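A.B. asks: Sending over a structure as structure tokens; questions will come in a sec.
Just so it is clear, none of the values below were taken in a lab; they were calculated from the coordinates. All of these numbers come straight from a predicted model, not from anything done at the bench. Every residue, glycine among them, receives a Cβ derived from its backbone with ideal geometry; neighbour counts consider all protein chains shown.
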Ligand SMILES: Nc1ncnc2c1ncn2[C@@H]1O[C@H](COP(=O)(O)OP(=O)(O)O)[C@@H](O)[C@H]1O
Ligand SMILES: [Mg+2]
């Protein structure tokens with residue numbers, strides 16, 4: 001397209017003489033973009049924004065012009081400034097969806113697309129919907145722009161994962177200090193609220209479990225519900241992703257409402273860092289809304305959380321938004337370390353429970369040789385022993401029980417998977433340990449003496 005398109009030139013000349021004629025500038029920008037002259041459109045919108053900063057139509061035009069030139073980051077910066085200023089138009093959200101998809105953020109892209117459709121159903125774009133669906137196959141219905149009908153209450157409870165766990169602290173090997181802390185801080189206040197009130201002790205507030213993967217955080221949360229004879233709702237990473245995709249704030253509210261209607265109830269957010277990541281990391285406004293909603297629910301703004309124990313687990317507490325650790329929120333934080341020797345024994349006993357064992361098998365002796373291994377690592381040990389025995393059984397043509405030597409042999413080949421985690425954790429504990437938040441890590445690593453009474 002030549003720079004001196006005869007139809008456009010008079011308009012371009014006119015704008016030269018009245019640069020602050022916004023409707024003309026907008027119209028011309030659109031014509032330039034239609035003609036594929038995106039770079040000129042970019043200049044025109046940018047000049048316009050110098051004259052009239054924060055004009056939504058110009059911001060959107062500039063973002064479109066950037067997008068057409070595949071300057072995704074620049075487009076996002078401009079567009080998100082527009083979106084941050086308040087409610088925006090359908091086309092703005094539609095462009096946001098496209099940009100987020102380009103940025104490999106299908107969940108957020110989905111949210112933006114939904115918002116665009118809510119504002120203007122005519123913006124439906126089958127090609128974009130198909131791409132969103134391909135990027136997030138877990139949400140086929142919502143991806144097509146359709147909202148499924150709300151399920152019946154019982155069905156909803158099942159969908160949201162309400163259960164009554166059978167395991168208690170008895171099934172959790174070792175970890176005596178952690179169990180005691182949970183009893184004192186959350187189970188007793190739930191059981192004896194009046195006693196706590198009589199002594200002026202505050203109840204409520206959530207408990208955050210953190211530590212290396214595979215060391216029993218999820219298991220412990222479930223056992224806490226069993227120990228407290230409470231209902232248990234576990235919100236996993238997939239549910240959290242759903243929140244990002246669909247009606248996020250509403251879903252989160254529903255979860256809390258379900259917990260409030262089923263007291264006593266443990267409401268557990270597993271891998272909460274996915275939900276509660278530092279808000280500065282979240283460029284998209286959708287994410288911020290979910291987090292603010294989460295904070296409101298934690299604070300019990302709309303309804304009391306009496307009788308609801310809120311727990312969360314994370315492998316990366318340093319990624320959590322500090323707002324989550326304020327009083328009344330996740331104000332109790334407990335390190336779950338790799339299992340100690342009694343814990344390893346009981347984990348091994350559980351893992352070996354239903355397997356054919358030779359007379360000499362001794363879990364305690366295996367536990368003594370596996371310091372530093374996580375629950376998941378111990379499972380790998382047992383799996384390797386089973387493999388060895390299975391191979392030998394194949395050769396001899398008959399099933400042979402697992403021998404102690406199979407287990408001990410396997411311990412040589414499995415290395416602790418938690419080393420890397422502690423290397424990272426150590427740095428946070430040493431260099432960004434505000435208020436002694438990560439002192440437990442230093443104590444565990446032998447870099448600090450335990451405090452008396454803790
Ligand atoms: N103290 C323990 N007692 C019994 N089993 C345990 C214990 N710790 C971990 N396990 C076992 O190890 C598995 C992995 O633990 P999990 O809770 O998934 O770890 P995390 O959530 O910390 O990544 C559990 O399913 C459980 O079978
Ligand atoms: Mg877990």
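A.B. asks: Please state the relative contact order of segment 9-143 as a whole percent: Cα pairs under 8 Å, 6+ residues apart?
C.D. replies: It comes to 14 percent, rounded to a whole number.
A.B. asks: Quick check on the chain: of the DSSP beta bridges with both residues there, what percent are antiparallel, nearest 5%?
C.D. replies: Once the DSSP bridges in the chain are tallied, antiparallel ones form about 15 percent.
A.B. asks: Could you line up 394, 175 from fewest to most neighbouring Cβ atoms inside 10 Å?
C.D. replies: Listed from fewest to most nearby Cβ atoms, that is 394, 175.
A.B. asks: Using only Cα atoms, find the angle between the long axis of helix 285-299 and the longest principal axis of the chain, and express it within 0 to 90 degrees, rounded to the nearest 10.
C.D. replies: 50
A.B. asks: Given the DSSP H assignment, sum -39500 (n - 2.57) over each helix run of at least 4 residues in the chain and divide by its residue total; what's the result at 222 nm in deg cm²/dmol, nearest 500?
C.D. replies: Helix-only estimate at 222 nm: -16500 deg cm²/dmol.
A.B. asks: How would 110, 188 line up from fewest to most surrounding beta-carbon atoms within 10 angstrom?
C.D. replies: 188, 110
A.B. asks: For the chain, take the longest principal axis of its alpha carbons; what is the angle in degrees between that and the long axis of helix 38-51, to the nearest 10 within 0 to 90?
C.D. replies: For helix 38-51, the angle is close to 90 degrees.
A.B. asks: How much length is gained if the chain between residue 254 and residue 118 is pulled fully straight, taking 0.36 nm per residue apart and subtracting their Cα-Cα distance, in nm to one decimal?
C.D. replies: 46.9 nm
A.B. asks: Under 8 Å for C-alpha pairs, at least 6 residues apart: give me the relative contact order for the chain, rounded to a whole percent.
C.D. replies: 12 percent.
A.B. asks: Any chance you could check the Cα centroid distance between segment 26-58 and segment 378-400 for me, in angstrom?
C.D. replies: If you average the Cα positions of each part, the centres end up 70 Å apart.
A.B. asks: Please report Rg (one decimal) and Dmax (integer) in Å for the Cα set of segment 9-143.
C.D. replies: Every Cα atom of segment 9-143 included, Rg and Dmax give 15.8, 54 Å.
A.B. asks: Another question about this same structure. Put a dot 7 Å past each Cα toward the Cβ at residue 85 and residue 127; how far apart are the dots in nm?
C.D. replies: 2.9
A.B. asks: Per the Kirkwood definition applied to all pairs of different Cα atoms, how many angstroms is the hydrodynamic radius of the chain?
C.D. replies: It is 25.9 Å.
A.B. asks: Which whole-percent values make up P(r) of segment 314-413 when all C-alpha to C-alpha distances are grouped in 5 Å steps starting at zero?
C.D. replies: 2, 12, 20, 17, 11, 8, 8, 7, 6, 4, 2, 1, 0
A.B. asks: Within a 10 angstrom radius of the beta carbon, how do 218, 424, 314 rank from fewest other beta carbons to most?
C.D. replies: Going from sparsest to densest Cβ surroundings: 424, 218, 314.
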